[in-house]
Amino acid sequence: MKAILTVIGKDRVGIIAQVSQLLAKYQVNIVDVSQTIMDDNFVMMMMVTIPLADQFAQIDAELENFGNEAHLEVKLRNTKLFEAMHNI
């Protein structure tokens, strides 16, 4: 299952490493990544492949917890959402 992961917040060392480590725990493959710093804000978007679709909710919850603890906005969205928006 393909998904889009976004991470936004105050820039600091280790954000990419922490997100990547969490994804690796679930064998999530990072297909593409784009990241930039806007002023002091870290902005990253990843396209990922989740090997087991039934893990989506668990991964999403863990990413949300990580975001809350790290003071980052972290969102995982199924790419089918974007496909549906373009088909309306």
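We did not get these values from a lab; they are worked out from the coordinates using the rules stated. Being a predicted model, the structure only gives us computed values, none of them experimental. Here the Cβ positions follow ideal geometry from the backbone for every residue, glycine too, while neighbour counts run over all protein chains shown.
Quick notes on this structure:
- In region 4-61, of all residues being of a type in the set (D, E, K, R) and surrounded by 11 or more Cβ atoms within 10 Å (Cβ to Cβ), the one that is nearest to K80 (Cα to Cα) corresponds to D60.
- Reported count of residues in region 13-68, each being part of a loop (DSSP other than H, G, I, E, B) and of a type in the set (G, A, S), is 1.
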